[in-house]
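Encoded as structure tokens, the structure appears first; notes follow it.
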Amino acid sequence: MCAWASVAVPKLTTRLGVVAALGLGLALAASAASAEPGGFGLGRAATPEEIAGWDVDVRPDGTGLPPGEGSVQEGEEIYLERCAACHGEFGEGAGRYPVLMGGFDSLEEDRPEKTIGSYWPYASTVWDYVQRAMPFGEARSLSDDETYAVTAFLLYLNEVVEDDFVLTRENFTEVRLPNRDGFFMRDGSDLPSGEPCMKDCKAAVEVIGRARTLDVTPEDEQQALE
Amino acid sequence: MTDRKPKAPGLPASPERRRFLLTGAAGGLASAGALAGTAAAAGNPENLPPNVADWSRYLGSGVDAQPYGVPSEHEAHVIRRNVPWLTATPESSVNFTPLHELDGFVTPNGLCFERHHGGVAEIDPADHRLMIHGLVEKPLLFTVADIKRFPQENRFHFLECAANGGMEWRGAQLNGVQYTHGMVHCVQYTGVPLKLLLQEAGLKTSGTWILAEGADSAGMSRSIPIEKALDDCLVAYSMNGERLRPEQGYPLRLVVPGWEGNMWVKWLRRIEVGDAAWYHREETSKYTDLLPDGRAYKFTWTMEAKSVITSPCPEMPMTDTGAHVIKGLAWSGNGRIKRVDVSLDGGKNWRTARLHGPVLPKCLTRFTLDWAWDGKPVLLQSRCIDETGYVQPEIAALQKVRGVNSIYHNHAIQTWLVNESGEVENVRLG
């Protein structure tokens, strides 16, 4: 079972090191050193089939996309059947389930709506997420073609593609989401630094907001009953 | 009288405390003297001296009454709680650690807050595998037993959700430290350095990122730069000396010290080595920080220096004037806590609190300040400084740079208002 049965376990390696240091077992020490990669001899080789079954992630450059295709129209059918109950017929969201479309140009507003169309940088994220996690509670139940189709439909809902669009592995990286360049990495701290003040730090302080006024804090049932 | 009962969330059903609050609120107490009187002892006089209680006369239950011990029935209020209106379903939701009920810096396993995206995966460890593949010489598949045979490390670390305090960006919203700060916990992890697993598979020099993936129905996945993976990450199988709890990723979870909790992938089943980030849903749609100009920070992994007073707090009102211990927790994803200051006047003046060791890197640190309350209103704050010299900011400073819509990484100073009746409220100062 263990493909690395011949590799020394750590204790043995250490002991061999000691032996080598004593100048007694150079040959043995050499064989331990050639136990690359690794050195603990634990685990076994993962087969290509095993990897293929689990390695289904997709990157923005298209790495990981399987062959396949799906149209906006096919996607709409699948969406209405498998997704709309939670996300609404047009991706507007039902109840507190996530909204999947719209919110265009809302990112600077007081109440931004972050969706695939307004916020997400890459279409690959849609493909990856839908096939790994959706429908909620029935993950990994969409075929590759169905995932292409639903992704195409979500792109259509977000005005990224036309209604006759067919999404394929080949044209995937040509799809560009509007907010692709909206993200950047912070360079260190974004706040001024310095020694903190200890005495007479401010002239006056005033309470300008109180949690109790809002009254959104859950209460224990026991209390509520009282 | 009952209708004037003040609201304190998750207020434990302690009779003394309630009686005090009821009297305090209804009576509109003017003097601290009257207040001290109402806080006087409760309990059944038959069990109090000079009488002798039943438990001092008769035998109690024998060993094994509880093969796995549980807390006293009198501590039944010490539980995780959630905010139902926050999320659509409990499978994709969060609950909160009752920080106000805890001492020291270790969180008991059953009280560590939960955040799931597809419910708790119930996994038989015999059926669990960890796969390492991608840019490695030899893709490997490990059993849980294999993982336990690697050299182990034991380390205490805090885990904080990046959205801890996320509801408080615009103003004081939730009236309880459990809700404003309870998406943090701190346990001792036992596991194998991720570095050893990557080396075992023969990490290629072209590998610059890893993707960590969970076995839950959300297939939780996050990209982590290789420098971090080789630095201090662990693949853990135990917390506080026992196996991970199912809701904390049993049988294997990734430990990413000092970095946001979402990256600590639970039910860890796969690590792929690649040469670029994956930009998955949890690092684009979520866990990016939207700024006022419409752009957003990506990959803000580190949880910066933060502290909070855990008592008094809305759930732990003042029961009396006189001697009290102000206690709280401080932590930093950048290392050790160096100092904690406490203010009683909303940040005008500060005094330095006592740190209770061991003070460990990327770990909760307990602080206390001994104090005598004179019954006058106070505005309580704590402010921590970590070993890099980083000072926990005021909310106004954070808002100035990040606005109010970034959801994540709110590590601002918290203010509790203690009023004359001893009630404590979450307030925002201006």
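Overview of results
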{"item": "Listed pairs B:148/B:362; B:362/B:400; A:114/B:266; B:228/B:298 exceeding 20 Å between Cα atoms", "result": "B:148/B:362; B:362/B:400; A:114/B:266"}
{"item": "q = 0.10, 0.14, 0.19 Å⁻¹, segment B:306-427: log10 I(q)/I(0) [Debye, one scatterer per Cα]", "result": "-0.30, -0.59, -1.02"}
{"item": "Chain B, relative contact order [Cα under 8 Å, separation at least 6], %", "result": "17 percent"}
{"item": "Gained length - residue B:103 relative to residue B:387, 0.36 nm times residue gap less alpha-carbon distance", "result": "99.9 nm"}
{"item": "For segment B:244-305, average projected area of the Cα convex hull in nm²", "result": "5.8 nm²"}
{"item": "Probe 1.4 Å - accessible area at residue B:228, Å² to nearest ten", "result": "10 Å²"}
{"item": "Span per principal axis, largest first, for the Cα atoms of chain B (Å)", "result": "75, 63, 40"}
{"item": "√(5λ) per eigenvalue of the Cα gyration tensor, segment A:54-182, largest first, Å", "result": "21, 18, 14"}
{"item": "For the protein assembly as shown, the Rg and Dmax computed from alpha carbons only, in angstrom", "result": "27.5, 88"}
{"item": "Residue-averaged [θ]222 nm for chain B, counting only DSSP H segments that reach four residues, each worth -39500 (n - 2.57)", "result": "-3000 deg cm²/dmol"}
{"item": "Theoretical gain in end-to-end length, residue B:419 to residue B:66 [0.36 nm per residue, Cα-Cα removed]", "result": "122.8 nm"}
{"item": "Segment B:139-188: radius of gyration over Cα atoms, expressed as a fraction of 2.2 N^0.38 Å", "result": "1.86"}
{"item": "Sites matching trypsin sites (Lys or Arg not before Pro) across segment B:110-218 that sit in DSSP coil, with at most 16 neighbouring C-beta atoms within 10 Å", "result": "B:170, B:204"}
{"item": "Stokes-Einstein D (µm²/s) once Rh is taken as the Kirkwood radius of segment B:371-414 over alpha-carbon pairs, at 20 °C in 1.002 mPa s", "result": "170 µm²/s"}
{"item": "Three-way shape call for segment B:111-286 based on the alpha-carbon gyration tensor, with the a/c threshold at 1.5", "result": "prolate"}
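The values are calculated or read from the model by the stated rules, or taken from the named source; none is laboratory data. Predicted model only: the values in this text are computed from it and were never measured. Please note: Cβ atoms are built from the backbone with ideal geometry, for glycine as well, and neighbour counts cover all protein chains shown. Just the protein is used for accessible areas: all its heavy atoms, side chains included, with ligands, DNA and RNA removed. Shrake-Rupley method; radii C 1.70, N 1.55, O 1.52, S 1.80 Å.
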